[in-house]
Amino acid sequence: MNTDTSFIERLATLMKLSPDTGEDEVFAALEKIIAGAAAPDPKKFAPIEALQEALLERNTSHASMSADRASAKVNEAMQRGYISPAMKEWATALCQQDEGSFDSFIEKSTPQFAHLFKPSGTSVIPPKSAGATAQIPGSDQAEAVCQQLGLKSGTLES
């Protein structure tokens with residue numbers, strides 16, 4: 001800037017006024033700028049309380065959805081035999097913290113606990129084979145069992 005100009009002329013130039021603007025007009029324009037800066041445009045700003053409430057609601061919703069999704073993934077992995085019931089708490093924490101890491105763990109694992117979730121017995125009576133002989137009370141087989149157990153003959157009759 002030119003050092004030969006007065007302060008008022010330099011200020012007028014900065015405010016995009018003509019350099020020959022009077023001192024009173026420059027100060028009036030400056031006051032107007034300062035007053036406009038003190039009152040922010042309400043369209044550009046949001047109340048902090050409303051914003052904090054919206055963020056808290058979003059985070060709570062996100063956390064509950066994440067917990068539900070993690071619980072569902074862990075239950076599915078347990079039903080498929082990838083994790084044991086004792087690993088459920090650890091797996092849930094891992095899935096909530098880093099879902100990708102949990103998915104990677106499941107992809108690289110084998111269902112080594114699958115046998116824990118299969119029924120151990122069945123309620124279906126096995127079919128009789130053609131070569132099977134029926135045990136009849138009083139037969140030689142029943143007598144032999146009675147002798148081995150020290151029971152009276154005919155005790156196995158129903």
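The values are calculated or read from the model by the stated rules, or taken from the named source; none is laboratory data. All values reported here derive from a predicted model rather than from experimental measurement. All Cβ positions, even for glycine, are placed from backbone atoms using ideal geometry, and neighbour counts span all protein chains on display.
Are any residues in the range 89-123 of a type in the set (A, V, I, L, M), touching a residue at least 24 places away in the same chain (Cβ under 8 Å) and under 29 Å from Ala63 (Cα atoms), and if so, which ones? Hit for the range 89-123 is Ile106, nothing else. Here Leu116 clears all of (1) in a helix (DSSP H, G or I); (2) modelled with pLDDT under 85; (3) closer than 30 Å to Thr5 by Cα except the condition numbered (3). For the range 42-57, the condition holds for at least one residue, the condition being that it is exposed (fewer than 10 other Cβ atoms within 10 Å of the Cβ) and assigned to a loop (DSSP other than H, G, I, E, B).
Of all residues in the range 78-87, none are of a type in the set (Lys, Arg) and modelled with pLDDT under 85. Among the conditions (1) part of a helix (DSSP H, G or I); (2) modelled with pLDDT under 85; (3) among the hydrophobic types (A, V, I, L, M, F, W, C), the only one that Ala29 does not satisfy is (2).
In this structure, Gln148 does satisfy being outside the structural domain of Trp90 (by TED's automatic domain parsing), more than 21 Å from Ala70 (Cα to Cα) and modelled with pLDDT of 80 or more. Pairs linking a residue in the range 68-80 that is in the same structural domain as Ala91 (by TED's automatic domain parsing) to a residue that is part of a helix (DSSP H, G or I) and among the small types (Gly, Ala, Ser), with Cβ atoms under 8 Å and 6 or more positions apart or on different chains, are Val74/Ala91; Ala77/Ala91; Met78/Ala91; Arg80/Ala114.
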